[in-house]
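The values are calculated or read from the model by the stated rules, or taken from the named source; none is laboratory data. It should be emphasised that the depicted structure is a prediction, and the values quoted were computed from it without experimental measurement. Glycine also receives a Cβ, built like all others from the backbone with ideal geometry; neighbour counts cover every protein chain displayed.
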Amino acid sequence: MISLHQLRTFVEVAGSGSVRAASERLVVSQPAVSAALATLQREVGTPLFERDGRGLKLTDAGRAMERYAGRILALVDEGLHEARVAAEMGAGCLRLGAVTTVAEHVLPELLRGFRAERGDVVIELQVANRVSIWKLLENWDVDLVLAGRPPQLDGFTTLATRPNELAVIARPGAGAKGIEDLARATWLLREPGSGTRVTTEEFFDSLGIAPPRLTIGSNGAIREGVLCGLGIALLARDAVRREIAEGTLEVIATPVTPLQRAWHLVAAADREISSTARRFVQHLIECGEFVS
């Protein structure tokens, strides 16, 4: 019979691609890790890993196993957590995932309000681009995700939304007023995989332009780049609200902006969220930040 120890060992090796790294994280010997993997593979009846240089990579069978192993461990951890909360042995834990813009400019105030109401809750926040963030939710590594529209898959369900307006942002006097100016200007874009980058490229297509581009891996760095005149950018107003109010940045009107989008508060459709996560959703709706 497969044990939880074998599954945890499998997940750690799958994530790191290394028996050595897994042994360090699990605080066991490398032979113990190898033995657990060997026992698990005998139980499954097929190899789950194959050599990849000096490391290991998942076989097709291993990739199929990975998702379920992670979910089984998540359910065990959640069951322990809920039992302790019900017995008043624990304060509760909220595991959130968020794309960078939300994590930097929206969540801090939301979490401040929630903690004022439930200061005993332990909050864990993972920040990533949209590709990685949906993977975390799919694998049940987080309870809720705050991001743009989720992929059109059966595995996700939107619980509530919040307006998210995107506009072209520039330093005052930048001079990019017409489409020709926009086509000549240098645009600051997030890295591939970012939702903002995808939206910006769709924006270029809608105007029929292919301007010079500079990839920068964070919203904060893009904002600072626009402030110093490095270029212009399509950004969520949430990311530059203070600078617009102070007059250090301005919105440039275009034929297709501002773009009206929404931030989505999303859960896994095939899993009941924890009691702590339910309280957080209720808090956001009751304080008027999100609508269901």
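For the stretch 4-46, give me the residue count where each residue is assigned to a loop (DSSP other than H, G, I, E, B), of a type in the set (A, V, I, L, M, F, W, C) and surrounded by 14 or more Cβ atoms within 10 Å (Cβ to Cβ).
1
Is it the case that the stretch 205-213 has a residue that's under 24 Å from the mean Cα position of the chain (by Cα), acidic (Asp, Glu) and in the same structural domain as residue 179 (by TED's automatic domain parsing)?
No, the conditions are met nowhere in the stretch 205-213.
Anything in the stretch 269-288 that is among the small types (Gly, Ala, Ser), in contact with a helix residue (DSSP H, G or I) (Cβ under 8 Å, 6 or more places away or on another chain) and either modelled with pLDDT of 90 or more or part of a helix (DSSP H, G or I) (or both)? List them, or say none.
275
For residue 224, work out the one condition from (1) buried (at least 19 other Cβ atoms within 10 Å of the Cβ); (2) closer than 23 Å to residue 107 by Cα; (3) more than 21 Å from the chain's Cα centre (by Cα); (4) not basic (Lys, Arg) it doesn't fulfil.
(1)
Which residues, counting only those in the stretch 83-124, are modelled with pLDDT under 80, assigned to a helix (DSSP H, G or I) and surrounded by 16 or more Cβ atoms within 10 Å (Cβ to Cβ)?
Hit for the stretch 83-124 is 85, nothing else.
Sort out which residues of the stretch 180-204 are outside any helix (DSSP H, G or I) and over 27 Å from the mean Cα position of the chain (by Cα), and write them in order of number.
Correct list: 185, 186.
Can you run down the residue pairs with Cβ atoms below 8 Å, 6 or more apart or on separate chains, where the first is in the stretch 33-48 and free of Cβ contacts under 8 Å to residues at least 40 places away in the same chain and hydroxyl-bearing (Ser, Thr, Tyr) and the partner is surrounded by fewer than 20 Cβ atoms within 10 Å (Cβ to Cβ) and part of a loop (DSSP other than H, G, I, E, B)?
46/59
In the stretch 122-154, how many are over 11 Å from the mean Cα position of the chain (by Cα) and among the basic types (Lys, Arg)?
1
Is it the case, given these coordinates, that residue 280 is touching a residue at least 40 places away in the same chain (Cβ under 8 Å) and under 19 Å from residue 74 (Cβ atoms)?
Taking the combined requirement at face value, the residue satisfies it.
So is residue 181 assigned by TED's automatic domain parsing to the domain that holds residue 220 and of a type in the set (D, E, K, R) or not?
It is true that residue 181 is assigned by TED's automatic domain parsing to the domain that holds residue 220 and of a type in the set (D, E, K, R).
Looking at (1) under 24 Å from the mean Cα position of the chain (by Cα); (2) in a strand (DSSP E or B); (3) of a type in the set (A, V, I, L, M, F, W, C), find the lone condition where residue 251 falls short.
(1)
Restricting to the stretch 127-178, name every residue that is in a loop (DSSP other than H, G, I, E, B) and assigned by TED's automatic domain parsing to the domain that holds residue 254.
Within the stretch 127-178, 171, 172, 173, 174, 175, 176, 177, 178 meet the criteria.
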